[in-house]
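K.L.:
Let me give you the structure first, and then I'll get to my questions.
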Amino acid sequence: MTAHAKPPTNDLEAFWMPFTPNRAFKADPRLVERAEGMYYYTPDHRAILDATSGLWCVNAGHCRPQIVEAIQRQAARMGYATSFNLGHPKAFELASRLAHLLPGDLDHVFFTNSGSESVDTALKIALAYHKARGKGSKTRFIGRERGYHGVGFGGISVGGIVGNRKQYGALLPGVDHLPHTHDPARNAFSKGLPEHGGEDFAGALEGIVGLHDASTIAAVIVEPVAGSTGVLVPPKGYLERLRAICDRHDILLIFDEVITGFGRLGAPFAAEYFGVQPDMITMAKGLTNAAVPMGAVGVRGGIYETLVNGGPGIELAHGYTYSGHPLACAAGLATLDLYRDEGLFERAAALASGFEAVVHSLRDAPHVIDIRNLGLMAGVELAPRPGAPGARAQEAFQRAFEEGLLIRVTGDTIAFSPSLITDPAQIEEMVAVTRAVLETID
Ligand code: PLP
């Protein structure tokens, strides 16, 4: 049958949905078709309070007119130009703005189109950097159990989620993993940074270095706060210790800030919040308020200089057709303006302690076995149903949607990460609806 002979379909079947049980979804779909501020709207006009900023990404709220108009203007003026051997002003302007926002000497920016691409880009830069300085044997990467670094082969290799790895063969060679930092026996219901484990969990890196030797290790990559596996907040001193060990062994430290970047913790980046300087920061999501896909890697000046001074010609054989896409750059610039003009990072910082108090009020709700929080992100972990991990949280997610609330669930953890424009009444509502839902499910 030729393509023309196929009757057009307009049902849900053709779209192979990502990270979704397709059969179950298509049998009982949830659709939204409009969004504004803190709300999605279903096709039948029901308002859904968005407690997850889309997918940890719409940090300035949905459909902000300034961003919409910037994209519209750019689309009419120049919808596309390559960044290979040609430039357009907004890419340079956005890179400069980001360099200014990034902490310390992270003053160069490589553009990608997603968090996954940012991670793989950072890993490639790490290898190229060591090679350019005559240390080509430094090729190993160290990730962390329960880390999420997107879905590219680099990202799933350094990532620590078995479900995302087991279908895909041998992955990248030469990767090892730190232990995760989740320690409910000692740290359950911590408010903010947990007390226990910082030294030991980070100290495990010394063991890994002892096993492989520093001369074989290129970089360590971690999320400052692990988001996708349920908001795992690092214990006190953890990131500082990782930094010190990396320094001692000439290993690059990459912070994957795809979630924590752009105000989630009440600072531009988690690196600043923690006062720990990484060598690279990967970002995406909040960079354009998710209005146009875009990612980026912030790179220390020394790394950039080493590569660009390494010899004539192209220093890094890497890039995407859409690196620095004009629409994404326009969206990014308008988004950064909005963060600045509305003081949204400061707003997140101001909301954080009230958010913490309200989220922790769920401590006595049915099924709750742990609550973790930092900035405007929180995880509420439920006891799994015997023999059916994840089922209880999944039911909570579906029930919450019926009640007009969008939450994110991962395993048996409910994650809250509202846009930075949220207000205390909405936070109360998110938690009240969640409590009501938990009271009705078994
Ligand atoms: N890194 C982290 C820390 C993330 O949370 C995510 C997505 O949630 C990614 C990378 C991947 O980003 P993307 O889905 O844009 O490829």
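The values are calculated or read from the model by the stated rules, or taken from the named source; none is laboratory data. This structure is a prediction, so every number in the text was calculated from the model and none was measured. Note: ideal-geometry Cβ built from the backbone for every residue, glycine included; neighbour counts use all protein chains shown.
K.L.:
Among the listed residues R372, R399, R385, R408, identify the single one that is at pLDDT 95 or above, under 17 Å from V437 (Cβ atoms), touching an Asp or Glu at 6+ places or on another chain (Cβ under 9 Å) and in the same structural domain as D28 (by TED's automatic domain parsing).
P.N.:
R385
K.L.:
Which members of region 283-341 meet the condition of being more than 16 Å from the ligand (Cβ to nearest atom), more than 20 Å from the chain's Cα centre (by Cα) and assigned to a loop (DSSP other than H, G, I, E, B)?
P.N.:
Residues satisfying the conditions are N309, G310, G311, P312, G313, I314, E315, L316, A317, H318, G319, T321.
K.L.:
Another question, if that's okay. Is it true that some residue in region 225-235 is within 12 Å of the ligand (Cβ to nearest atom) and touching a helix residue (DSSP H, G or I) at 6+ places or on another chain (Cβ under 8 Å)?
P.N.:
yes
K.L.:
Follow-up. For region 263-282, name all the residues that are among the acidic types (D, E) and either within 14 Å of the ligand (Cβ to nearest atom) or in a loop (DSSP other than H, G, I, E, B) (or both).
P.N.:
Matches in region 263-282: D279 only.
K.L.:
If you don't mind, there's one more thing I want to ask. Go through region 243-255 and give me each residue that's within 14 Å of F274 (Cβ to Cβ) and within 16 Å of the ligand (Cβ to nearest atom).
P.N.:
L253, F255
K.L.:
Test G295 against the stated conditions and say whether it is buried (at least 21 other Cβ atoms within 10 Å of the Cβ) and touching a helix residue (DSSP H, G or I) at 6+ places or on another chain (Cβ under 7 Å).
P.N.:
yes
So that you can scan it fast, the table gives a plain yes or no per residue for (1) assigned by TED's automatic domain parsing to the domain that holds I427; (2) modelled with pLDDT of 95 or more; (3) in contact with a Pro (Cβ under 9 Å, 6 or more places away or on another chain):
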site: G319; (1), (2), (3): no, yes, no
site: H325; (1), (2), (3): no, yes, yes
site: L333; (1), (2), (3): no, yes, no
site: L336; (1), (2), (3): no, yes, no
site: A352; (1), (2), (3): yes, yes, no
site: H360; (1), (2), (3): yes, yes, no
site: R363; (1), (2), (3): yes, yes, no
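K.L.:
Let me ask you something else. Looking at region 89-192, what helices (runs of 4 or more DSSP H) fall wholly within it and have at least 3 residues that are in the same structural domain as V297 (by TED's automatic domain parsing) and more than 16 Å from the chain's Cα centre (by Cα)?
P.N.:
Those helices (runs of 4 or more DSSP H) span 89-101, 115-132, 162-165, 184-187.
K.L.:
If you don't mind, another one. Return a yes/no flag: does region 284-292 have any residue that is in contact with an Asp or Glu (Cβ under 7 Å, 6 or more places away or on another chain) and either assigned by TED's automatic domain parsing to the domain that holds D250 or farther than 30 Å from E69 by Cα (or both).
P.N.:
No; the residues of region 284-292 include none that is in contact with an Asp or Glu (Cβ under 7 Å, 6 or more places away or on another chain) and either assigned by TED's automatic domain parsing to the domain that holds D250 or farther than 30 Å from E69 by Cα (or both).
K.L.:
Report yes if some residue within region 209-217 is touching a Lys or Arg at 6+ places or on another chain (Cβ under 9 Å) and buried (at least 23 other Cβ atoms within 10 Å of the Cβ); otherwise report no.
P.N.:
The answer is yes; a qualifying residue exists.
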